[in-house]
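Read through the structure below, which is laid out as structure tokens, and then see the notes.
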Amino acid sequence: MLFFLPSPPLCKHILGGRSIDCLDWTSETKMNLQTLSIILLVISYAQASQYIKLVQYVDDHQEEYVEALREWVAIESDSSNIQKRPELHRMMDMVAEKLRLMGGTVELVDTGEQELPDGQTITLPKVVTAQFGSDPSKHTVCVYGHVDVQPAKLEDGWATDPYNLTDINGNLYGRGTSDNKAPVLAWIHAVKAYQALSMVLPVNVKFLIEGMEETGSNGLDAMILAQKDTFLSDVDYIIISDCGWLSRRPALTYGTRGNCYFFAEVEGPKQDLHSGVYGGAVIEPMTDLIGILDTLISPSGRILIPGIQEAVAPLSDEEWKMYQDIEFDVDHFKSKIGVNHLMYNNKVDLLAHRWRYPTVSIHGIKGAFSDSGTKTVIPAKVTAKFSIRQVPDMDPATVKKQVTDYLHSKFAKRKSPNKLKVTMVIGAKPWLAETQHPLYEAGKAAIKRVFNMDPDLIREGGTIPIARTFQDVTGKSIIMMPIGGFDDGMHSQNEKMSRYNYIEGTKLFIAYLNEVAQINKSSV
Ligand SMILES: C[C@H](N)C(=O)N[C@@H](Cc1c[nH]cn1)C(=O)O
């Protein structure tokens, strides 16, 4: 596709109000078609030169973009740590201020309180909404992103301070760089580039930026429902850039797994005990807990909870073929994460189990002794944290019951006097899109323009908790356009975003806005 073609209404205008399909081939029409071709050529030339200017602008402002990321990374906006909540509030204020300074119509939307496991409540970070342009003849896109991060400490094994952006060989290291601060900034910078060059945005752009994604987007479902007929009413498409490529090839993402996150608490004696004095006398909560955790999944990765595996939609021949055609080097994948063996060694099985089959992960045990040293304690109360990634056709409410019933039945068999409490704290559904949609065609064209190659069409094993709500509540189509690298280490030590992806990603977003503007409204 040319970078810019005149919109269908403009073509119609040039053709005297008729669409191309219903023309009668009179000489007058032929002349109009000739005029149209010339106009098309002039417009596409003018607009291609616009694009060149935008790209040049992005290249010239690289350092400014890196500094903006440095400022955001310095904020420890960890949504899972309530001690850091003031930082998260500050982060949301900074996002709002940035968008306000660009002349957007900005609101900080209150989403209420978060209830903590101990019954206390804490204020949720506000959600930032912003709008640039409201021309009814244009498409309106809503860019969703988040600026909260996963926890990170230097002592976790980071090579650099996680909150001090550090450039090493063109990689920008810092917590939240790839997930999701740089992509959000890249979208903001894309809009800013148009403004700086006094160019009109080809589509109206809205932003919806939240601060609780990493803990399940608390409060956002209700906010989206409440804003369905206001902020979201004129939105045509939702764009999310909160994931990564599969390899060095750019990608478009058409599915995410959901997530059900559980706490399983086993409580025994009224306080921690000396294992020499009481060991052998008491039934230890940790032994009970480890015992039931071990019944969740087999060593070969089969989920043992009845009903879960059965709910999974079977892999279709079409999917198998799609996975088979994707370029993906299993050995490279292994070496990048430093393992010799994986659950599956062929490409299709591996991709399928990363993207479209459920899995159980055990994340940690609160109350367990984990410091250095050799404390000989019997912990009195321990809480396991584990999650099950959701795929079509699993349903979080059903999974909650299946897991709770199963763990209680396994616990009952132990005939332990201790108490088990199972709670599901996140219940996020999976999301899947139709890749035949013009949004994806526009995405392919933008990627071709910026990277001069065709993208991989991939799924994401992680979760974007709000994706499915957006789709269900607004009925609008979503595209996920990642700019994160395959080796960015989201959620891990040494998370990074390469300068290349950050800067070329900004250009991609600029190009994408123009491609979206060409989508014929009546074709979707
Ligand atoms: C894909 C996205 N960047 C991400 O990492 N999301 C988190 C969201 C989540 C799910 N459960 C709790 N938080 C993830 O997939 O872990």
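Numerical summary
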read-out: Members of LYS347/LYS429; LYS385/LYS444; LYS181/LYS429 lying beyond 29 Å, as alpha-carbon distances in this model show; value: LYS385/LYS444
read-out: Alpha-carbon centroids, segment 316-390 and segment 455-524: separation in whole Å; value: 23
read-out: Amide N of segment 240-258 lying under 20 Å from the label point, which is placed 7 angstrom from the Cα of VAL473 along Cα→Cβ; value: 240-242, 256-258
read-out: Neighbour cut-off at most 15 other Cβ (10 Å), DSSP loop, trypsin sites (Lys or Arg not before Pro), segment 28-101; value: none
read-out: Using a Förster distance of 51 Å, the FRET efficiency for GLU441-GLU267 (Cβ separation, nearest 0.05); value: 0.35
read-out: Unit charges at the beta carbon, dipole of segment 58-148: most positive-side option, PRO136, LEU99, VAL147; value: PRO136
read-out: Stretchable slack from ASP234 to ASP93, in nm (0.36 nm times residue separation minus alpha-carbon distance); value: 48.2 nm
read-out: Linear extension gain, ARG100 paired with THR121, 0.36 nm per residue minus alpha-carbon span; value: 4.6 nm
read-out: Cα gyration tensor shape of segment 55-139, rounded if a/c is under 1.5, else prolate or oblate by comparing a/b with b/c; value: oblate
read-out: Cα gyration tensor category, rounded, prolate or oblate, for segment 316-426 with a/c compared to 1.5; value: oblate
read-out: Inter-probe distance in nm under a simple model that places probes 7 Å from Cα toward Cβ, at LYS334 and SER49; value: 5.6
read-out: Relative contact order, percent, the chain [alpha-carbon distance under 8 Å, six or more residues apart]; value: 23
read-out: Test item: Cα-centred dipole of segment 340-441, Lys/Arg +1 and Asp/Glu -1 on Cβ, debye; value: 820
read-out: Value of [θ]222 nm, deg cm²/dmol, for the chain, DSSP H segments ≥ 4, -39500 (n - 2.57) each, nearest 500; value: -11500 deg cm²/dmol
read-out: Accessible area of segment 104-263 divided out per residue, in Å², using a probe of 1.4 angstrom; value: 34
read-out: Spacing of the two label points (7 Å from each Cα toward its C-beta) at ASN345 and GLN493, in nm; value: 2.8
read-out: Prolate/oblate/rounded label for segment 416-491 (Cα gyration tensor, a/c 1.5); value: oblate
read-out: Rounded percent of accessible protein surface that carbon and sulfur make up, segment 214-278, 1.4 Å probe; value: 47
read-out: Per residue accessible area of segment 369-427, 1.4 Å probe, in Å²; value: 54
read-out: Between 0 and 90°, nearest 10: helix 85-101 axis offset from the chain longest Cα axis; value: 0
read-out: Cβ-Cβ FRET estimate between ASP167 and SER80, R0 fixed at 22 Å, reported to 0.05; value: 0.20
read-out: Amide N proximity, segment 448-467 versus GLN309 label position 7 Å along Cα-to-Cβ, cut-off under 17 Å; value: none
read-out: Degrees between helix 396-413 axis and first principal axis of the chain (Cα, 0 to 90, nearest 10); value: 10
read-out: Exposure rule at most 11 other beta-carbon atoms within 10 Å, DSSP loop GluC sites (Glu not before Pro): the chain longest free segment; value: 1-326
read-out: Heavy atoms of ASP110 accessible to a 1.4 Å probe, total area in Å² rounded to 10; value: 100
read-out: Estimated FRET transfer efficiency when R0 is 30 angstrom, pair GLU63-LEU154 (beta carbons, to 0.05); value: 0.70
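The values are calculated or read from the model by the stated rules, or taken from the named source; none is laboratory data. Here the structure is a predicted model, which means the values were calculated and not measured. Backbone-built Cβ (ideal geometry, glycine too); neighbour counts: all protein chains shown. Just so you know, the surface numbers come from the protein's heavy atoms only, side chains and all, with ligands and any DNA or RNA stripped out. Shrake-Rupley method; radii C 1.70, N 1.55, O 1.52, S 1.80 Å.
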